[in-house]
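Report on the structure given below.
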Amino acid sequence: MSDPTEKAAGVLEPIFTVALVPFAAFYIWQAMQVTEPPRNIIVGPRTFPLLIGAFMLVVSAVLAVRQLRAAVGYAGRRTGPVSGGVPLEDEEMPIRDWTAVGLVLAALLGLFILFEPLGFVAAISPFVFGLATFFAPRQWLLNLTVALIFSVSFFYLFTTVLGIPLPRGVFELLTD
């Protein structure tokens, strides 16, 4: 581990992994703050955020336990599954592309800030397009098509099929 990037990754990865658990708990707490409509529906506005939060909590807890076990020295024991039934990988790969991690986190922060004022479609489309273009830069036309179809389809799914209101933002004037 003589490379400075590998040393930084070796320090930041456990911190990042352990920080995911309280973030997931905070996400679930915020999902619980979503108000339910007065009508009796099975799938309400809280359902998907709670499912995502629960999944994120389970995955982040498993990652944190694996990270802590590796730090304590149990990573050398590869004869069977670790407690919890999650087998150890033969080749654990640390995060090497922190630029990509930073870009994804910055894009999520931008989405969080712009979601309400711009609206669902106008905020999600550049988010999906930007990340897809970052990871597949030569396919920008396909990325744009997928981003637009994804955002409009999910807007329709949530607002019309599920009856969950999403912010219209800049398209508010077009729909009234």
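The values are calculated or read from the model by the stated rules, or taken from the named source; none is laboratory data. Remember, predicted model here, so these are calculated numbers, not experimental data. All Cβ positions, glycine included, derive from the backbone under ideal geometry; neighbour counts span all protein chains shown.
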Of the residues in region 129-154, those that are in contact (Cβ under 8 Å) with a residue 24 or more places away in the chain and either in contact with a Pro (Cβ under 6 Å, 6 or more places away or on another chain) or closer than 20 Å to TRP98 by Cα (or both) come to LEU131, PHE134, PHE135
Output for Cβ contacts, cut-off 6 Å, separation at least six or different chains, first residue assigned to a helix (DSSP H, G or I) in region 15-33, second of a type in the set (S, T, N, Q), reads THR17/GLN67; LEU20/SER60; VAL21/SER60; ALA24/SER60
Checked region 138-176 for anything assigned to a loop (DSSP other than H, G, I, E, B), modelled with pLDDT under 85 and on the phi < 0 side of the Ramachandran plot; matches are LEU162, ILE164, PRO165, ASP176
So, first residue in contact (Cβ under 8 Å) with a residue 60 or more places away in the chain and among the polar types (S, T, N, Q) in region 96-117, second residue in a helix (DSSP H, G or I) and surrounded by fewer than 12 Cβ atoms within 10 Å (Cβ to Cβ), Cβ within less than 6 Å, six or more apart or across chains; the pairs are none
